[in-house]
Amino acid sequence: QVHVKKICCIGAGYVGGPTMTVIAEKCPHITVTIVDVNPHRIAAWNSDDLPIYEPGLEDIVKAHRGTNLFFSTDIDKAIIEADMIFVSVNTPTKTQGLGKGFAADLKYVEACTRRIAAVAQSHKIVVEKSTVPCRTASSMRYILEANARPGLRFDILSSPEFLAEGSAIRDLHDPDRVLIGNLDTPEGHAAAQALVEVYANWVDRSKVVTTGLWSSELSKLAANAFLAQRISSINAMSAICEATGADVDEVAHAVGLDTRIGSKFLKASIGFGGSCFQKDLSNLVYLCHSLHLPEVATYWKSVLDMNDFQKRRFAQRVVASMFSTLTDKKITLFGFAFKNNTGDTRESPAITVAKYFREERANITIYDPKVPDRQVWLDLTEPGVVDDEIELRKTVSIKHDAYEAAEGADAIVICTDWEEFKNLDYERIYKGMGKPAFVFDGRLILDEKALKKIGFRVETIGRSGDNVGQEYRF
Ligand code: NAI
């Protein structure tokens with residue numbers, strides 16, 4: 001039985017960083033080293049300005065960094081010293097070749113696996129933390145066995161991460177469950193036990209679930225598919241609400257009271273974003289096609305199609321409400337991150353909406369409390385393809401204060417559900433805006449009645465507008 005003393009995590013991103021920080025916090029007897037090929041990311045982890053924002057993260061990092069938590073670019077050394085290695089690298093959607101647009105690109109997982117095989121000098125437990133297609137562990141095993149020094153044994157576990165960005169620390173401290181998949185061999189069970197022991201330092205044993213390897217891998221894709229499906233389902237209802245006069249929040253509340261359904265994750269919105277749902281569902285769709293299950297593939301693909309429809313539908317409602325033209329109007333986006341409490345913009349619906357407004361020749365101003373300016377410029381340009389930053393700056397500007405961003409705007413579009421947006425002085429904002437002053441609430445977070453009393457024209461997702469919306473319904 002291995003009792004883990006040294007952990008190496010390959011990949012210092014949104015998952016590797018917080019997950020390993022919490023292991024270091026809860027297991028003072030374990031030394032945790034997080035490594036990455038990106039020296040800038042490692043330097044940021046070692047600085048006062050961490051590369052990712054996550055409530056509560058900074059304090060824990062600062063308390064343990066240099067004691068039993070280390071960030072390094074020396075990948076080989078960390079691999080050699082560790083008993084357990086987590087692979088937490090990115091697994092983006094392939095952009096070319098076989099499975100383009102759907103399949104997961106496993107080149108980073110493969111590169112790490114080959115590195116582990118090349119440098120390991122002793123037995124290692126290798127844990128898949130990245131979200132991967134079902135049976136990836138088997139490919140990793142082939143690579144390890146074909147390349148490692150003779151006689152060296154590797155045990156592979158799957159332990160997908162279920163944390164949500166924005167609440168990562170809370171989710172890691174108090175997870176709904178920790179999933180550990182292992183091969184059904186004595187060595188596989190012993191390896192799983194070693195990881196169970198790590199989590200047992202703070203997670204109730206009843207919440208640590210062990211399964212077969214393939215169930216564990218598939219469970220992660222299944223969980224994200226179910227979560228995304230709930231959002232697309234309520235968003236589909238929001239379209240019906242807007243057309244009928246029903247209120248999607250009331251419908252969600254009534255539906256969610258059924259204990260078989262439950263009330264969580266039933267909030268209508270401008271559409272889901274984030275690095276995982278789009279990617280993991282695409283991955284699942286590809287898996288279904290590979291398994292010759294086209295009907296199942298079509299079923300899950302429709303969840304993605306509904307999300308695209310929702311983003312487009314919302315953007316079109318903005319245009320239709322503003323007398324069918326945005327040319328030279330100033331549209332202010334409140335929020336650019338894909339959800340609150342994170343600076344992450346991957347697949348953020350705000351990007352889609354901003355691009356749509358630009359095509360309508362609007363001038364756009366963006367305010368987000370956490371997204372760095374450089375990220376906005378990156379998200380709105382496709383270097384060498386669409387246009388460059390200089391061109392972009394003629395019609396897009398970024399502000400660091402909500403009131404400044406709203407000054408002179410014709411419309412405010414709520415793209416992210418930041419708490420801050422609920423508590424702004426909208427009387428003050430109204431005074432500085434062009435008239436009629438519009439608010440488009442893509443997150444159902446504002447008090448529509450109060451805004452209307454001030455004089456705003458308000459259009460909320462999942463509710464039919466009562467002003468020009470009636471005449472201009474598309
Ligand atoms: P990320 O892109 O933030 O971080 C991945 C890191 O791995 C990058 O810093 C990259 O430089 C590094 N890397 C890539 N190849 C490497 C190599 N060969 N050697 C060393 N470092 C290498 O990605 P994120 O968001 O942390 O996701 C990682 C995995 O976790 C993905 O598979 C994702 O699907 C999964 N996941 C993500 C969640 C999230 O909320 N972001 C939640 C649950 C799972």
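Summary table below
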{"quantity": "Residue list for segment 88-113, filter: more than 9 Å from the ligand (Cβ to nearest atom) and either assigned to a strand (DSSP E or B) or in contact with a Phe, Trp or Tyr (Cβ under 7 Å, 6 or more places away or on another chain) (or both)", "calculated": "Thr93, Gly99, Phe102, Ala103"}
{"quantity": "Residue within segment 95-106 that is farther than 25 Å from Ser138 by Cβ and in contact with a strand residue (DSSP E or B) (Cβ under 9 Å, 6 or more places away or on another chain) present", "calculated": "no"}
{"quantity": "Yes/no for Ala337 being away from the ligand (no atom under 16 Å from the Cβ), surrounded by 15 or more Cβ atoms within 10 Å (Cβ to Cβ) and either among the aliphatic types (A, V, I, L, M) or modelled with pLDDT of 95 or more (or both)", "calculated": "no"}
{"quantity": "Of residues in segment 4-29 being part of a loop (DSSP other than H, G, I, E, B) and in contact with a helix residue (DSSP H, G or I) (Cβ under 7 Å, 6 or more places away or on another chain), the one surrounded by the most Cβ atoms within 10 Å (Cβ to Cβ)", "calculated": "Ala12"}
{"quantity": "Count of residues meeting criterion [buried (at least 22 other Cβ atoms within 10 Å of the Cβ) and without any contact (Cβ under 8 Å) to a residue 60 or more places away in the chain] in segment 282-314", "calculated": "1"}
{"quantity": "Matching residues in segment 322-360 - criterion: being out of contact with any Cys (no Cβ under 7 Å at 6 or more places or on another chain) and among the aromatic types (Phe, Trp, Tyr)", "calculated": "Phe323, Phe338, Tyr356, Phe357"}
{"quantity": "Matching entry among Leu163, Leu144, Leu195, Leu157 (being in a helix (DSSP H, G or I) and within 16 Å of the ligand (Cβ to nearest atom))", "calculated": "Leu144"}
{"quantity": "Filtered residues of segment 1-21 (kept if more than 9 Å from the ligand (Cβ to nearest atom) and either free of Cβ contacts under 8 Å to residues at least 12 places away in the same chain or in contact with a strand residue (DSSP E or B) (Cβ under 6 Å, 6 or more places away or on another chain) (or both))", "calculated": "Val4, Lys6, Ile7, Cys8, Cys9, Met20"}
{"quantity": "Out of Lys124, Lys107, Lys94, sole residue that is without any contact (Cβ under 8 Å) to a residue 60 or more places away in the chain and exposed (fewer than 14 other Cβ atoms within 10 Å of the Cβ)", "calculated": "Lys107"}
{"quantity": "Verdict on Thr113 being within 30 Å of Asp305 (Cβ to Cβ) and under 25 Å from the mean Cα position of the chain (by Cα)", "calculated": "no"}
{"quantity": "Single residue of Ile116, Ile85 found to be closer than 14 Å to Met140 by Cβ and in a strand (DSSP E or B)", "calculated": "Ile85"}
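For (1) among the polar types (S, T, N, Q); (2) crowded, with 18+ Cβ neighbours inside 10 Å, each residue gets a yes or a no:
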position: Val178; (1), (2): no, yes
position: Gly181; (1), (2): no, yes
position: Ala191; (1), (2): no, yes
position: Val203; (1), (2): no, yes
position: Lys207; (1), (2): no, no
position: Ser216; (1), (2): yes, yes
position: Leu221; (1), (2): no, yes
position: Phe226; (1), (2): no, no
position: Ile231; (1), (2): no, yes
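The rows are residues; the columns are (1) at pLDDT below 95; (2) buried (at least 21 other Cβ atoms within 10 Å of the Cβ); (3) not assigned by TED's automatic domain parsing to the domain that holds Gly271.
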residue	(1), (2), (3)
Tyr356	no, no, no
Ile366	no, yes, no
Gly384	yes, no, no
Asp388	yes, no, no
Thr395	yes, no, no
Glu419	no, no, no
Leu424	no, no, no
Arg428	no, no, no
Ile445	no, no, no
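The values are calculated or read from the model by the stated rules, or taken from the named source; none is laboratory data. These figures come from a predicted structure and were not determined experimentally. Here Cβ is always computed from backbone atoms with ideal geometry, including for glycine, and neighbour counts include all displayed protein chains.
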